[in-house]
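The values are calculated or read from the model by the stated rules, or taken from the named source; none is laboratory data. Just so it is clear, the model here is predicted, and its values are computed rather than measured. All Cβ positions, even for glycine, are placed from backbone atoms using ideal geometry, and neighbour counts span all protein chains on display. The accessibility values were calculated without ligands, DNA or RNA, using every heavy atom of the protein model including side chains. Shrake-Rupley method; radii C 1.70, N 1.55, O 1.52, S 1.80 Å.
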Amino acid sequence: MLQRLAGSEGMSWLDGFLRYISGDVGDLKRPVSYLSIYLQRGSLEQGLLPFKLFNIVLHALNGLLVFWLARRLMLIKLLPNTANVVAIGCYILWSFAPIQVSTVLYVTQRMAELSAFFTFSALILWTYFREAQGDVKQAGALFLGVGGLTALATLSKENGFLTILLVLVLDLTIYHKAPKSRVYQTWAFLVVYAGLAIFTLHILLNTDKYFVRGFSGRDFNVYERVLTESRILVEYVLKFIFPSSFQFGVINEEVVISRGLLSPISTLFCCIVWTGAIAGAWFARRKFPYLSFAVLFFLGAHSMESTVLSLELYFEHRNYVPTFSLSLLISYAIVCFIKNKAVNGKVKAIAAASSIAYFVLIVLIAKSEVSLWSKPVQQALRWYQQAPLSQRAYSHLGSTLFRFGLYKEGANFYKETHQDFPDDPTKELLWYELVCVDSSLPVPDMEEFLNKARKAKFYNQTIVLLNALLDLKEQGHCNNVTVDDLDLIADAFLINPSYKRRYRSIYVYKSRLSQYINDMPEATKSLEKAISIHWRLDIALSLAEKYLFLGKVDSAGKLIEDIERHCSGLVLSCNSNSKDIAYLHQLLKKMREKDKALL
């Protein structure tokens, strides 16, 4: 997210932003979240601190919204003073939950925070107009207010669309007795029910994208994902309620996949738990509305990322909104127990003291997690020690050692451990990255690495690291790693069928290598191979420029015509590359005029 931000330097504000969001950032491009990051591009030289401070402020605002929403929901049943106490408890539990730390301090998860900000705002506004009498004011608040905030939540991150599902949960539980005006019924039909139906239809009509191609790169299918998520959701709940028993962070790869109901056996137990919880919440929604709300809201807020879509299995940030209902239920249960006249006074005192101790424990654990985030090297080492066979934990430790200039320690780390990953070529590439900046370090065995690269499994980071090595070479580093070495590595991956999906990227990389040594004919050949695999605007622009450099005017002209046809519609990437396209047109025109003059 921040790496791409640097690519907008030197461009106009609008062109830079359009280029910034033109990459692969989701179906809707998440423009609101990316805009919030883009507005801070002037702070990039200051490192991560300004971005993290923004996230912290946003989390504080979300905490206030959580208090406000909790109070609104409690006022339906409780007196104002009691509702305030429950809301304060909910605020503390939610805001200081250790499971939220990684969401707040990992800059990329601003998406989750911003989406939650608009979701909570929409739900609060909804509570004020749910029981209105069907006037123009209610229509405006629902269609423009709640609808607009839901749109902003969705444009921050796609699961913001679930705001309308959470409205339905509120309607079925806490607000089940509330009268519905005709205006509200119309809004519910057009926005809530129709919206959910259209979304479901969209998923069903795009099964190839979401299920066939989506799961082709995963080592689990849709059935196995649903089974596994049943166990993960239970862990999320336990992690939230009993934080002292779990480890936290962004490295969560080593999840055991459920291959069936009995593999592992805990899968069956968790499926029974959730089936019973859903059935119980549905049938008890009128008698125990807050309990039902807690279950259905938690599952509803997880329904996009923790069910059938081909996403990764486990991330703590997915609990940012769902844990609101757990916080509310726990706080409400504590207050009701302490206020229950049938409970002995001593028992109440013990319950109150235990609750305060529990709240303090949560804050202390959160403080400990925040402290760990302030020590990146120690944090990376701990995450690696917790999951030594995790690809991400390994790479994160290596890149952290590199970032903090601990080159010798990093090289020794790779030398001692790279054989733990016999199918993963990124470990040696990370090692080469260190060798590039310190020629005194031990070097990976090239022949051994080439053999590995020809047979290795596909890892997307491979292409990133190859380009990072070339970046270092262009900056004057990597004197002990030759262009021929880098070219041999690229050729090894081109032999590997596992990398077939990224052959185009590898040919683009080979073109960069050739251009680095001023071999423009070879650079052009590599781009021709890349674009023959799949046409892409940036490759076409680069290839057209090389044709013109080599004097191949006809080839350049044909390619520029292809670019014009591609950009005849409303294509975002064309807008962000408009200056480059105009420059090629001008250059082509001059070269044609020059050719005519020679004739």
Single match in I257, I272, I203, I198 (criterion: over 30 Å from A87 (Cβ atoms), outside any helix (DSSP H, G or I) and of a type in the set (A, V, I, L, M, F, W, C)): I257
Name the residue, out of R502, R536, that is closer than 19 Å to F458 by Cα, charged (D, E, K, R) and within 27 Å of the chain's Cα centre (by Cα). R502
Can you pull out the residues in the stretch 309-347 that are in contact (Cβ under 8 Å) with a residue 40 or more places away in the chain, of a type in the set (G, A, S) and farther than 30 Å from R392 by Cβ? S331
Please indicate, with yes or no, whether at least one residue in the stretch 73-95 is of a type in the set (K, R), in the same structural domain as L326 (by the TED database) and part of a helix (DSSP H, G or I). no
If we keep just the residues of the stretch 453-463 that are touching a helix residue (DSSP H, G or I) at 6+ places or on another chain (Cβ under 7 Å) and part of a loop (DSSP other than H, G, I, E, B), which is most open to solvent (accessible area, probe 1.4 Å)? K457
For the subset of the stretch 73-85 comprising residues that are out of contact with any Phe, Trp or Tyr (no Cβ under 8 Å at 6 or more places or on another chain) and open to solvent by 30 Å² or more (accessible area, probe 1.4 Å), which member is nearest to Q247 (Cα to Cα)? V85
Of T127, T154, T108, which residue is assigned to a helix (DSSP H, G or I), modelled with pLDDT under 95 and β-branched (V, I, T)? T108
Restricting attention to the stretch 239-254, which residues are charged (D, E, K, R) and not in a loop (DSSP other than H, G, I, E, B)? K239
Is it the case, given these coordinates, that V437 is open to solvent by 10 Å² or more (accessible area, probe 1.4 Å), in contact (Cβ under 8 Å) with a residue 40 or more places away in the chain and of a type in the set (V, I, T)? yes
For the stretch 559-577, indicate whether the set of residues that are of a type in the set (S, T, N, Q) and over 36 Å from the mean Cα position of the chain (by Cα) is non-empty. no
For a quick check of your reading of the model, give me the residue pairs whose first member lies in the stretch 49-77 and is without any contact (Cβ under 8 Å) to a residue 24 or more places away in the chain, whose second is open to solvent by less than 60 Å² (accessible area, probe 1.4 Å) and in a helix (DSSP H, G or I), with beta-carbon atoms closer than 7 Å and at least 6 apart or on different chains. P50/S43; R71/A83; R71/N84; R71/A87; L75/A83
Counting only residues that are of a type outside the set (A, V, I, L, M, F, W, C) and open to solvent by less than 20 Å² (accessible area, probe 1.4 Å), which one in the stretch 557-576 is modelled with the lowest pLDDT? S576
So how many residues does the stretch 118-158 have that are touching a Phe, Trp or Tyr at 6+ places or on another chain (Cβ under 8 Å), open to solvent by 30 Å² or more (accessible area, probe 1.4 Å) and under 28 Å from R318 (Cα atoms)? 3
When you go through I88, I99, I92 one by one, which is the residue that is hydrophobic (A, V, I, L, M, F, W, C) and surrounded by fewer than 18 Cβ atoms within 10 Å (Cβ to Cβ)? I88
From (1) of a type in the set (V, I, T); (2) in a helix (DSSP H, G or I); (3) more than 16 Å from V370 (Cβ to Cβ); (4) touching a residue at least 60 places away in the same chain (Cβ under 8 Å), pick out the condition that doesn't hold for V146. (4)
Note down all Cβ pairs under 7 Å where the first residue falls in the stretch 255-278 and is assigned by the TED database to the domain that holds V234 and open to solvent by 60 Å² or more (accessible area, probe 1.4 Å), the second is of a type in the set (D, E, K, R) and outside any loop (DSSP other than H, G, I, E, B), and they're at least six residues apart or on different chains. R259/E224
Taking the stretch 301-332 as the search range and keeping residues that are of a type in the set (A, V, I, L, M, F, W, C) and not in a loop (DSSP other than H, G, I, E, B), which one is nearest to E254 (Cα to Cα)? A301
Quick test of your reading of the structure: V295 fulfils all but one of (1) open to solvent by less than 20 Å² (accessible area, probe 1.4 Å); (2) within 25 Å of S95 (Cα to Cα). Name the failing condition by number. (1)
Enumeration of residues in the stretch 33-57 that are buried (at least 18 other Cβ atoms within 10 Å of the Cβ) and under 30 Å from L329 (Cβ atoms): S33, N55
Has the stretch 181-194 got at least one residue that is under 25 Å from A112 (Cβ atoms) and either assigned to a loop (DSSP other than H, G, I, E, B) or open to solvent by less than 70 Å² (accessible area, probe 1.4 Å) (or both)? yes
Got at least one residue in the stretch 521-530 being under 34 Å from the mean Cα position of the chain (by Cα) and over 21 Å from D484 (Cα atoms)? no
